[in-house]
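Notes to accompany the following structure.
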Amino acid sequence: MRLTKTLIASALALLAAQSQAAPTLTFEVVEPDASQVDNFYSGFQFSGTGWFVNSQAAGGFGDFNAPDPDLPGIGIGALLIAKNPLEPSTGQSQVLEIAVDGGFASALDFWWTGGRASFTVTLYKNNELIKSFDGFGPQTTCDAGVSCKWAHSDALTFEGTANRVVFTAAGDATTLLDNITFGSRDPGGNVPEPASLGLTLAALSALALMRRRKA
């Protein structure tokens, strides 16, 4: 009985540790290329103009170079803000909204690139404005098209809890994002994986059952 309680406590501690990790969306290697994000990530709802794209260097539609040897965290996948990357640019501004189940506190962090237009980031709690950030782009050291060196937002800090993030790009298909981290606790954690947590709990339960039978 004591062993069972210990195992349960260990499992709960594991769950708590993973729940405290600030989730990071990496947008890596999604097929088919140029597909909308929508509700791909559990706990995150994308609405508006967000698309998975893979780098042209990897045979995709994304107008950026990857992987970058100077930035090992940047892979071949990214998030493009566009009306439709498979069609000619409209030249109009585009809006992407990400709703986060349960919200996130204190900070938002991401990488970005884009050479033809600027964009802003606005945080809300439901319909209440929390904070707005601007000054992103356009970059001036780009190759042809969107492709530029990836830039880091640094942690965009705010007070309280937000549950909606709105990216507003001044141009169509001009802004790429990657490695978006929601929150400031243990940045770089992964989006929770219910399947792996379930396997952990199942293994602990099986071990407890075996110990009881031996006793």
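Points worth noting:
- Residue check, PRO32 out of contact with any Asp or Glu (no Cβ under 7 Å at 6 or more places or on another chain), under 14 Å from ASN179 (Cα atoms), of a type outside the set (D, E, K, R) and at pLDDT below 95: no
- Hits in the stretch 23-62 - residues which are of a type in the set (D, E, K, R) and either in contact (Cβ under 8 Å) with a residue 40 or more places away in the chain or surrounded by fewer than 16 Cβ atoms within 10 Å (Cβ to Cβ) (or both): GLU28, GLU31, ASP38
- Residue check for GLY73: surrounded by fewer than 19 Cβ atoms within 10 Å (Cβ to Cβ) and part of a loop (DSSP other than H, G, I, E, B): yes
- In this structure, THR113 does not qualify as out of contact with any Lys or Arg (no Cβ under 9 Å at 6 or more places or on another chain) and among the β-branched types (Val, Ile, Thr).
Conditions (1) touching a residue at least 24 places away in the same chain (Cβ under 8 Å); (2) buried (at least 17 other Cβ atoms within 10 Å of the Cβ); (3) of a type in the set (Val, Ile, Thr), marked per residue:
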site	(1), (2), (3)
TYR124	yes, yes, no
GLY135	no, no, no
PHE167	yes, yes, no
THR181	yes, yes, yes
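- Residue in the stretch 179-193 that is at pLDDT below 95, among the hydrophobic types (A, V, I, L, M, F, W, C), outside any loop (DSSP other than H, G, I, E, B) and assigned by TED's automatic domain parsing to the domain that holds PHE46 present: no
- Test: residue in the stretch 141-153 that is buried (at least 21 other Cβ atoms within 10 Å of the Cβ), within 18 Å of ILE98 (Cα to Cα) and not charged (D, E, K, R): no
- The requirement of being more than 27 Å from GLY43 (Cβ to Cβ) and either surrounded by 14 or more Cβ atoms within 10 Å (Cβ to Cβ) or modelled with pLDDT of 90 or more (or both) is satisfied by ASP68.
- Restricting GLY114, GLY102, GLY91 to residues that are farther than 19 Å from ASN179 by Cα and within 21 Å of the chain's Cα centre (by Cα) narrows the list to GLY102.
- Among the conditions (1) charged (D, E, K, R); (2) part of a strand (DSSP E or B); (3) surrounded by 14 or more Cβ atoms within 10 Å (Cβ to Cβ), LYS83 misses just one, which is (2).
This table checks each residue for (1) among the polar types (S, T, N, Q); (2) at pLDDT below 95.
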position	(1), (2)
LEU108	no, no
GLY115	no, yes
THR122	yes, no
SER132	yes, no
ALA151	no, yes
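The values are calculated or read from the model by the stated rules, or taken from the named source; none is laboratory data. What you are looking at is a predicted structure, and each value in this text was computed from that prediction instead of being measured. When we count neighbours, we look across all protein chains shown, and the Cβ atoms used for this are built from the backbone with ideal geometry, even at glycine.
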